Structure formats: structure tokens, C-alpha cells
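Below: one structure, written as C-alpha cells.
The values are calculated or read from the model by the stated rules, or taken from the named source; none is laboratory data. Bear in mind the structure is a predicted one, so any value in this text is a computation, not a measurement. Cβ placement follows ideal geometry from the backbone for every residue including glycine, while neighbour counts extend to all protein chains displayed.
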Amino acid sequence: MTDRLLIAVVEDNDALRDATVEMLAHNGFRATGVACAEDIDDTPFPQPPDIYVIDLTLPGEDGLSLAARLRRAQPKVGIVITTARTLLDDRLKGYESGADIYLPKPVDPKELLLALQALGQRLRHMDPPSQGLVLDRHALVLRGSAGSCKVSASEARLLSAFASANENTLERWQVAAQMSPGSGSISQESMQARLSQLRRKIQACGYAGESIRSIRNSGYKFCLPIQTI
């Protein structure tokens with residue numbers, strides 16, 4: 001873990017999200033804001049966030065579901081839930097979903113800062129999670145900080161190609177060649193579907209942020225350290 005913690009602020013209120021990110025940045029944190037749970041997968045975090053600050057009442061996937069998903073994928077990540085719901089039953093559900101800290105809104109900035117600093121200290125005393133993936137090409141297994149999963153032969157070829165490519169970047173035709181060896185012919189819709197499936201597998205291995213980034217009119221970049229064995 002770096003000295004400056006990376007905080008992901010998941011809040012659908014634009015003004016509150018921007019103010020929180022600015023406040024955290026002014027107090028020594030690195031912070032990125034997203035409007036909903038679904039945006040996490042498409043946000044180019046420089047590394048997996050150390051702590052997520054999550055609003056409970058998000059559009060789409062709600063905060064409880066997101067917290068539970070993050071806790072399964074990244075057992076050592078920090079999770080702070082913020083919400084106007086203050087009943088005991090609501091707080092218990094928050095902790096059961098995997099939250100470390102439950103703060104009622106409106107949250108005093110000083111309290112949030114102290115909560116993040118305390119949580120950060122605890123995280124620093126834990127064994128640092130692996131920041132990369134390991135692909136076993138022969139067993140067709142991908143391993144990460146939260147576990148492992150099986151990959152298909154074409155997924156293994158694609159991951160190997162990303163690992164050996166300059167700056168882990170492939171042009172679209174190179175991705176197609178790994179997905180459909182021989183013909184190299186694959187529709188854009190099919191390519192996107194298969195990339196989405198691979199992203200979900202990477203997420204299950206412990207990485208909730210961006211893993212494969214689309215480069216406009218060019219190709220794709222693999223955003224995580226990866227080694228092959």
C-alpha cells in the first residue's frame with residue numbers, strides 16, 4: 001500500500017461527491033469519485049482503491065450489494081458506508097454487508113477524515129495484497145489477491161498477448177486474432193461480450209476497478225500487472 005491512500009467515493013449526488021473528493025485531496029488522500037456502482041468497472045483507477053466510501057442509496061446496484069461484492073472480491077479492502085438511514089436495523093445490515101465503518105449523513109468532514117485515517121492505519125498493518133495477476137497457461141487458471149478462476153484457451157491466449165505486448169496494449173485486430181485464431185474474424189459485439197466476461201473473471205480474482213481499457217479507434221490496454229507461468 002502506498003503512503004497516500006487511494007479512496008473511491010461512490011456517491012450519486014454530484015455536488016456532494018465532488019466536494020468530498022476535493023476535501024480528501026486537500027487532506028493528503030488520493031481520491032476519485034464515481035456516480036454509481038456500475039461506473040467502478042469503467043473508471044481508470046491507477047491501482048485498486050484502498051478504501052471505498054459508499055452511499056447506501058445508489059441508483060442501480062445499491063450500496064449494500066456493492067459493499068458485499070467488494071468484500072467478497074477484496075477481503076482486505078476498507079469500506080465506509082454513508083447514509084441518512086440511522087435505524088439500528090439499517091446499521092446492522094451495513095455491517096453484515098461488509099462495511100468497516102457506518103457513518104450517518106450529513107457526515108462531518110472531520111469525522112470522515114478521522115475514520116479514514118484510523119481505517120488506513122489498520123490496513124497498513126495488514127499484509128499488503130498482491131497488486132498483480134498470475135496466469136497459469138497450462139492449467140488455464142488465473143490467480144489474483146482474492147482467489148483464482150478458470151479461463152478458456154482463447155482467454156489465456158489473449159492474456160498472454162497482453163502480458164508480452166508493449167505497454168500491455170493490443171490493437172483490435174490482435175485481440176481478434178487471439179479470440180479467433182486462424183480466421184481472426186469476430187464481430188464487435190462478440191468481442192465486447194467476451195471482453196466483458198473476462199473482466200468479470202478478473203474482478204472475481206480480486207480487482208474491482210478497470211482491468212481492460214478500450215482505446216478509441218485503436219484497441220485495448222491491460223491495466224493490471226500480469227505475469228505468465
Restricting the stretch 200-210 to residues that are of a type outside the set (A, V, I, L, M, F, W, C) and at pLDDT below 90, the one surrounded by the most Cβ atoms within 10 Å (Cβ to Cβ) turns out to be Tyr207
Could you list, in sequence order, the residues of the stretch 172-196 that are under 18 Å from the mean Cα position of the chain (by Cα) and surrounded by 13 or more Cβ atoms within 10 Å (Cβ to Cβ)?
Leu195
Exactly one condition in (1) more than 26 Å from Arg122 (Cα to Cα); (2) more than 14 Å from the chain's Cα centre (by Cα); (3) surrounded by 13 or more Cβ atoms within 10 Å (Cβ to Cβ) is not met by Ala15; state its number.
(3)
Identify, by number, the condition in (1) of a type in the set (A, V, I, L, M, F, W, C); (2) outside the structural domain of Tyr207 (by TED's automatic domain parsing); (3) within 30 Å of Lys221 (Cβ to Cβ); (4) out of contact with any Pro (no Cβ under 8 Å at 6 or more places or on another chain) that Cys36 doesn't meet.
(4)
So which residues in the stretch 52-88 are surrounded by fewer than 18 Cβ atoms within 10 Å (Cβ to Cβ), in a loop (DSSP other than H, G, I, E, B) and polar (S, T, N, Q)?
Thr57, Thr86
Filter the stretch 74-92 down to the residues that are aliphatic (A, V, I, L, M) and closer than 28 Å to Gln203 by Cβ and list them by number.
Val77, Ile79, Val80, Ile81, Leu92
Determine, yes or no, whether Pro109 is modelled with pLDDT under 90 and either hydrophobic (A, V, I, L, M, F, W, C) or on the phi < 0 side of the Ramachandran plot (or both).
no
